[in-house]
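Asker: The structure that follows is given in the form of structure tokens.
The values are calculated or read from the model by the stated rules, or taken from the named source; none is laboratory data. Just so it is clear, the structure is predicted and the values come from calculations on it, not from any experiment. Glycine gets a Cβ as well: all are built from the backbone with ideal geometry, and neighbour counts include every protein chain shown.
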Amino acid sequence: MPRIPRRARTREREFSVYAIVRCGGRQEKASVDDVLTVDKLAGEVGSSVTLPAVLVIDDDKVISDPAEVGSYQVTAEIVGAAAGPKINMIHYKNKTGYRRRLGHRQKYTQVKITSIASGKSSTKAGASKASTARSSSAKAGAGKADTEKASTEKASTEKASASSARSGSASSRKKD
């Protein structure tokens, strides 16, 4: 039997877009229409969640720069709840009659990846809106800080005058 070269034996990989996403303290490989089992998420069945991407593979292009990866949106739809295997634990102490049985079953959520999209234009618009909101809140915060600073200075001068009045009266008593 003739030997087939290794390259010919393996299927040609069809590159598509997939991402490594962070969910529940772990990282999972996610491509469109995959169903992932992740730690329990708050949300209704059918609702949409956005998962943060750590790495994106777009055809032959590997994107790992946090600034570029941040522009990609990985959205998923909650399919339903799932439960892990039952884990039985037995506590036993010798010669005392102490025995305890415990059980645990981890709760999971199954999500279906609906899209991995680059939202470059929407991200820039969102960033400009966020920066305008930050600057307006900073201005409001600066005004608030000025009034707080003035009130604390006023309170400290009142305390100083009160303490000097007390110490002055005490010194006048000593002289008598």
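Asker: Quick check on the stretch 87-110: of everything there that is among the β-branched types (Val, Ile, Thr) and in contact with a Lys or Arg (Cβ under 6 Å, 6 or more places away or on another chain), which residue is nearest to Asp39 (Cα to Cα)? Break it down into steps so the answer makes sense when it comes.
Answerer: Start the filter on the stretch 87-110 by keeping residues that are among the β-branched types (Val, Ile, Thr), which leaves 87, 90, 96, 109.
Within this subset, residues satisfying the condition of being in contact with a Lys or Arg (Cβ under 6 Å, 6 or more places away or on another chain) are 90, 109.
Details: Ile90: 25, Thr109: 6 Å.
So, considering only residues that are among the β-branched types (Val, Ile, Thr) and in contact with a Lys or Arg (Cβ under 6 Å, 6 or more places away or on another chain), the one nearest to Asp39 (Cα to Cα) is Thr109.
Matching residues to (1) modelled with pLDDT of 95 or more; (2) in contact with a helix residue (DSSP H, G or I) (Cβ under 8 Å, 6 or more places away or on another chain); (3) among the acidic types (Asp, Glu):
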{"position": "Arg13", "(1), (2), (3)": "no, no, no"}
{"position": "Arg26", "(1), (2), (3)": "no, no, no"}
{"position": "Ala30", "(1), (2), (3)": "no, no, no"}
{"position": "Asp33", "(1), (2), (3)": "no, no, yes"}
{"position": "Leu41", "(1), (2), (3)": "no, no, no"}
{"position": "Val54", "(1), (2), (3)": "no, yes, no"}
{"position": "Asp59", "(1), (2), (3)": "no, no, yes"}
{"position": "Pro66", "(1), (2), (3)": "no, no, no"}
{"position": "Val69", "(1), (2), (3)": "no, no, no"}
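Asker: On to the next question. With Ala82, Ala42, Ala67, Ala76 as the choices, which residue is exposed (fewer than 11 other Cβ atoms within 10 Å of the Cβ) and within 11 Å of Thr109 (Cβ to Cβ)? Give the derivation first.
Answerer: Values: Ala82 fails: exposed (fewer than 11 other Cβ atoms within 10 Å of the Cβ); Ala67 fails: within 11 Å of Thr109 (Cβ to Cβ); Ala76 fails: exposed (fewer than 11 other Cβ atoms within 10 Å of the Cβ).
Going through Ala82, Ala42, Ala67, Ala76 in turn, just one is exposed (fewer than 11 other Cβ atoms within 10 Å of the Cβ) and within 11 Å of Thr109 (Cβ to Cβ): Ala42.
Asker: Let me ask another. Return the pairs, sorted by first residue and then second, in which the second residue is of a type in the set (S, T, N, Q) and part of a strand (DSSP E or B), the first residue lies in the stretch 87-109 and is in contact (Cβ under 8 Å) with a residue 60 or more places away in the chain and within 30 Å of Leu41 (Cβ to Cβ), the beta carbons are less than 6 Å apart, and the residues are 6+ apart or on different chains.
Answerer: What qualifies is Tyr108/Thr37.
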